[in-house]
1. Failed condition for Ala69, given (1) of a type in the set (A, V, I, L, M, F, W, C); (2) closer than 17 Å to Pro13 by Cβ; (3) at pLDDT 90 or above; (4) in a helix (DSSP H, G or I), with all others met?
2. Given the stretch 72-131, what helices (runs of 4 or more DSSP H) lie entirely inside it while holding 1 or more residues that are of a type outside the set (Asp, Glu), crowded, with 17+ Cβ neighbours inside 10 Å and in contact with a His (Cβ under 9 Å, 6 or more places away or on another chain)?
3. Give just the number: which of (1) touching a strand residue (DSSP E or B) at 6+ places or on another chain (Cβ under 7 Å); (2) farther than 26 Å from Pro43 by Cβ; (3) touching a residue at least 24 places away in the same chain (Cβ under 8 Å) does Pro85 not satisfy?
Amino acid sequence: MSESSSYILFDIPNGRPPVDRDFLVGLGHPVEVCSGPGEGACPLVAGKGCPLAENAHGIVFELDLDRPAHRAVLRKYKTALDDVPIRIAVRPGQEQEFASLLRGIKVWTHEPVAGDLDAFAAEVEAADQFR
């Protein structure tokens, strides 16, 4: 089980809580939620920093890759948080459309289920051991 300061950040439109939040909490991974940049600029992308993202031990990204602002957030995650495990949930077909942006990141083309999140939590714990 991971330490209590370890949490997984869900970057989800409208800040809706992830379906399996309680599952991850049961595995020892508290969950924080960010609803994305909305109409304004994401502070991480703007260079102001974002403690929520910067302190996450894992990130599940479910923002809309059709939106340029959301793609900018993902690019920043990939460069600024390169030692943090990231999973991207996209609509079917987007894994090909945005293949260059998604290179190097594991992609889900479905709503993540308990098995997906269990495997991701294990990867987060493994990464924590090497930090």
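1. In the conditions (1) of a type in the set (A, V, I, L, M, F, W, C); (2) closer than 17 Å to Pro13 by Cβ; (3) at pLDDT 90 or above; (4) in a helix (DSSP H, G or I), Ala69 misses (3) alone.
2. Numbers: elements: 94-97, 99-102, 114-129.
The qualifying helices (runs of 4 or more DSSP H) are 114-129.
3. Evaluating Pro85 over (1) touching a strand residue (DSSP E or B) at 6+ places or on another chain (Cβ under 7 Å); (2) farther than 26 Å from Pro43 by Cβ; (3) touching a residue at least 24 places away in the same chain (Cβ under 8 Å) leaves (2) as the failure.
The values are calculated or read from the model by the stated rules, or taken from the named source; none is laboratory data. If you're wondering where the values come from, they're calculated on a predicted model, not measured in any experiment. When we count neighbours, we look across all protein chains shown, and the Cβ atoms used for this are built from the backbone with ideal geometry, even at glycine.
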